[in-house]
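One structure below.
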Amino acid sequence: MNEPASAPSDVPGAESPAFSIRRAGPDDAAQLAAVAAETFPLACPPHTKPEAIAAFIAANLSETSFDGYLADPERALFIAEVDGAAVGYTMVVFGEPADPDVAAAVTSRPTAELSKVYVREGFHGGGLAGRLVAASVESARDRGAVSVWLGVNEENARANRFYEKQGFALAGTKRFLVGDRYEDDFVRLLAL
């Protein structure tokens, strides 16, 4: 899981840096929170208010939040790094879906949620997100899951194309609250 792979470089003609992927640990909370604060806004629909994004980050993607996620045995987080600096991460949540819309859409059990897949903008398109997803899916399989599901905003065309390429089929819809507005998400499912 920690083998280097090439990643894009911002300098044309320069050699691409190598990235590594590993299971995140307790010392990674600050790095994960920094990546989350930078990347979460990229996934939000254009009409999402900046104050709603900031409030969501403060409530769910702070260093304290990541301390809790990393301590939770029902979660696995993976971090991608270049020269020791975090450039992306994923989070898998093991267990049954609590959302009734997701529970209805995801019929293959046991399942796991691919809760977060975020890569810094300068590293999009280099295969890093696909490798993070593969590590996450493997961890779900290792825990006995027969499927992995995720929610993705219906308006996020780039993410929807990416998840389709990774094998996540459209299985249903759900709602996701950011600020005081509910967003419509697709529920996508990967059978293992």
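Only the coordinates and a few stated rules stand behind these numbers; no lab work does. Just so you know, these numbers come straight off a predicted model, no measurement behind them. Here the Cβ positions follow ideal geometry from the backbone for every residue, glycine too, while neighbour counts run over all protein chains shown.
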> Using the Kirkwood radius built from alpha carbon pairs, what does the Stokes-Einstein equation give as D for the stretch 29-108 at 10 °C and 1.306 mPa s, in µm² per second?
Replying inline: 111 µm²/s
> Calculated from the structure, log10 I(q)/I(0) by the Debye sum over Cα atoms at q = 0.08, 0.11, 0.15, 0.19 Å⁻¹ equals which of (i) -0.25, -0.47, -0.92, -1.50; (ii) -0.29, -0.51, -0.82, -1.11; (iii) -0.46, -0.61, -0.81, -1.22?
Replying inline: (i)
> Which is the longest run of the chain containing none of the GluC sites (Glu not before Pro) found in DSSP loop states (not H, G, I, E, B) with at most 11 other C-beta atoms within 10 Å?
Replying inline: 75-192
>> Given R₀ = 22 Å, what would the calculated FRET efficiency be for THR107 paired with TYR182, taking r from the Cβ atoms and rounding to 0.05?
In response: 0.35
>> For THR173, what residues show an amide H to amide H distance below 5 Å, using hydrogens built from the backbone and excluding near sequence neighbours?
In response: VAL187
>> Please report the antiparallel percentage of the DSSP beta bridges confined to the stretch 85-192, to the nearest 5.
In response: 90 percent
> Could you name the lysines in cross-link range of LYS49, using Cα to Cα under 22 Å and dropping any fewer than eight places away on the same chain?
Replying inline: LYS116, LYS174
